[in-house]
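I have placed the structure first, in the form of structure tokens, so that the comments after it can refer back to it.
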Amino acid sequence: MSEKDSDLVIYREDKQRVRKDLKDGRLDYLDLADWTFQDKFFAFLLGIRFFEICGASYPSPRKKEDVPLWFLLACKVQMKLHTTASFEKLPGILRSGAVLSRVKFNVGGKNGGFNNKNKKERETAVDHDTARKFYKDTKPQELCHWHNGDIQRFIQKNNGFDEDGIFILDQTHVVVPENENYKKAERMAVDEHGQRIDTSKMTKEQKKGVKYRPCYALSELMHMSKEKEYFIFTGYQWGGGLTDELVQGRSLVKDFVETVGKGVMKLLITDRGYIDGTFVSTVKLELGADVLMPLRSNMNSLTDAEKIAEACKYKWRKYKEYTKHGVKYFEEVTVVEEVDLWDKCKVPLHISLMKITGSDGSVRYWGLSSTFKPKYPEECFELYDLRTQLEERHSQIKNCWNINKFTSPHESLIEAHVMFTLLTYTLTQLYFNKTHLNELANKTIKSLRSEELLGVNNVIVYSGEYFGVFDLDEYTEIIAFLKDDAMLRLQKWIVKFKKRERFKGG
């Protein structure tokens with residue numbers, strides 16, 4: 001941020017310091033309301049200098065900045081926190097929240113604007129159309145490159161990647177309205193949520209009834225913690241619905257490792273769409289990470305592993321048992337090591353095999369291949385179970401963070417909406433992790449927005465660069481026992497405060 005933005009104040013919580021000032025009758029401002037989740041999160045971003053550091057490398061379409069770039073980034077993050085893509089809602093967003101009011105986000109300069117070109121006083125520091133045009137003019141590919149590059153370096157410097165180094169590669173689909181202006185959207189057999197419809201076992205008549213919807217493909221590289229509810233997006237690719245997931249996946253993994261260096265990604269978990277000998281070899285030998293993926297039921301590596309396990313009388317270990325539709329099932333697991341059967345795969349694979357026996361006499365197998373030798377038969381299945389969190393996060397991104405709610409079919413605005421949705425989700429996860437709020441990481445944005453983290457009937461007192469949250473009874477007790485000089489100072493402040501608020505009210 002430049003010197004002209006030096007009036008920005010980052011408030012930090014220090015109740016003890018503020019209590020001392022309050023007892024002395026000294027304060028700058030108070031609110032009879034809580035700091036919301038958005039407020040504390042935004043203060044966190046200001047504290048780690050996110051807008052300043054990442055804004056320095058943003059692919060700005062402007063040669064001259066009438067509005068500081070960090071402020072435009074802040075506007076977009078605020079829009080995502082309010083789960084909107086509509087820039088028309090920006091003025092209301094910028095007038096809300098304790099942190100926005102106190103750190104002068106809705107002031108921005110002497111006359112309420114940044115460029116001093118306004119003849120009339122502004123309600124907010126930037127016109128919503130100015131922000132919209134800025135993101136409309138930003139090139140989509142440059143925006144994606146910024147997220148997958150500089151943003152990941154920032155997250156790395158803020159210890160956003162844990163030591164386990166578990167990453168997931170996946171592709172999902174985002175359905176859009178019937179509108180020819182959605183360029184690159186391609187029709188696919190998916191439901192309204194973007195889930196693929198399996199037509200392989202349908203009759204010709206049944207296939208005729210399947211609806212093909214226009215959609216985009218979103219390939220994602222994600223990092224997750226094995227021990228904590230921590231899940232962030234570390235790379236994405238956006239394209240037409242029929243885009244090959246393997247092609248996008250190769251690029252995502254390679255770019256990420258080149259960005260943050262080898263050793264951050266230790267294990268890559270994928271689904272069957274990434275079964276490819278060359279891809280697995282590259283990740284293991286060139287990028288230094290192991291790969292774990294499921295096998296297709298008709299693959300030689302799976303059927304051969306079944307034959308080897310049974311013929312050689314491998315020991316099976318009990319894994320799970322459950323009842324479904326009246327049938328009791330028993331799961332047993334074992335490992336067949338160094339199965340070297342994949343074309344173009346230059347590394348040996350270990351097959352973690354599961355045998356599922358039903359009380360109805362049924363027996364079936366399924367397996368996971370890994371480039372590492374499991375320490376025990378259950379290990380790969382336990383690791384792959386982590387991937388079950390993925391569907392919950394996809395549901396959040398689509399249904400709660402509204403990643404598919406575009407207000408414009410313009411390519412640049414779509415890219416900005418998608419990228420900032422993923423980025424803001426990641427930053428909230430980083431905030432939870434940094435502030436030891438991991439139990440909130442799996443909550444939807446709607447519940448986070450409505451949750452009162454500090455309770456009700458609180459008074460927020462600001463003094464200098466600090467704030468403290470007081471229970472109403474505690475605050476009243478402090479005020480009631482102020483000594484003469486302190487009471488006089490407080491009374492003078494109240495008179496000035498009332499005049500200032502009356503003036504603001506017109």
Mind sorting L81, L169 by how few other Cβ atoms lie within 10 Å of their own Cβ, fewest first? L81, L169
Give me the net charge for the shell around T407: Cβ to Cβ below 15 angstrom, other residues only, Lys and Arg +1, Asp and Glu -1. +3
Cα-projected label distance for K496 with K89, points at 7 Å along beta-carbon direction, nm: 3.8 nm
Can you count the Lys pairs in the range 294-374 with C-alpha separation below 16 Å, eight or more apart or on different chains? 10
Let me make sure I get this right: for the range 123-230, a, b and c are the square roots of the gyration tensor eigenvalues over alpha carbons, sorted descending. Under 1.5 in a/c it's rounded, otherwise prolate if a/b > b/c, else oblate. Which is it? oblate
Please work out whether the range 294-374 counts as rounded, prolate or oblate from its C-alpha gyration tensor, where a ≥ b ≥ c are the square roots of the eigenvalues and a/c under 1.5 means rounded, while otherwise a/b larger than b/c means prolate and anything else oblate? prolate
Stretched out fully, how many nm does the piece from M487 to M202 gain, at 0.36 nm a residue minus the Cα gap? 94.6 nm
Taking a temperature of 25 °C and a viscosity of 0.890 mPa s, what whole-number D in µm²/s does Stokes-Einstein yield for the range 265-341 with Rh from Kirkwood over alpha carbon pairs? 165 µm²/s
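Over the range 294-374, calculate the relative contact order: mean separation of alpha carbon pairs under 8 Å at least 6 apart, over the residue count, as a percent. Kindly include the intermediate steps, with their values, before the conclusion.
On the way: 145 pairs, mean separation 23.3, N = 81.
Over the range 294-374, the number comes to 29 percent.
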Report the FRET efficiency, 1/(1 + (r/R0)^6), for R153 and E286, where r is their Cβ-Cβ distance and R0 is 25 Å, rounded to 0.05. 0.75
Nearby aspartates and glutamates by direct alpha-carbon distance to K20 (threshold 16 angstrom, same-chain neighbours under 8 apart not counted): D28, E465, D471, E474, E477, D484, D485
For the range 134-179, rounded, prolate or oblate, judged on the Cα gyration tensor with a ≥ b ≥ c (square roots of eigenvalues), a/c < 1.5 rounded, else prolate if a/b > b/c? oblate
Reachable aspartates and glutamates from K139, Cα under 13 Å, same-chain residues fewer than 8 places away excluded? E411, E415
Based on alpha-carbon centroids, what's the gap between the range 291-324 and the range 364-404 in Å, whole number please? 18 Å
Cβ-based charge dipole, the range 294-374, positive-most Cα from P294, A309, T357: T357
What does the charge count near D191 come to, summing +1 for each Lys or Arg and -1 for each Asp or Glu among other residues with Cβ under 10 Å from its Cβ? +2
Could you give the nm distance between label points at K64 and A189, where each point is 7 Å from its Cα heading toward the beta carbon? 5.7 nm
Between beta-carbons, use under 12 Å as the cut-off and find the net charge around K318, counting Lys and Arg +1, Asp and Glu -1. 0
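Bear in mind these aren't lab numbers, they're just calculated from the coordinates by the rules spelled out. Because the structure is predicted, anything quoted here is derived from the model rather than measured. Here Cβ is always computed from backbone atoms with ideal geometry, including for glycine, and neighbour counts include all displayed protein chains.
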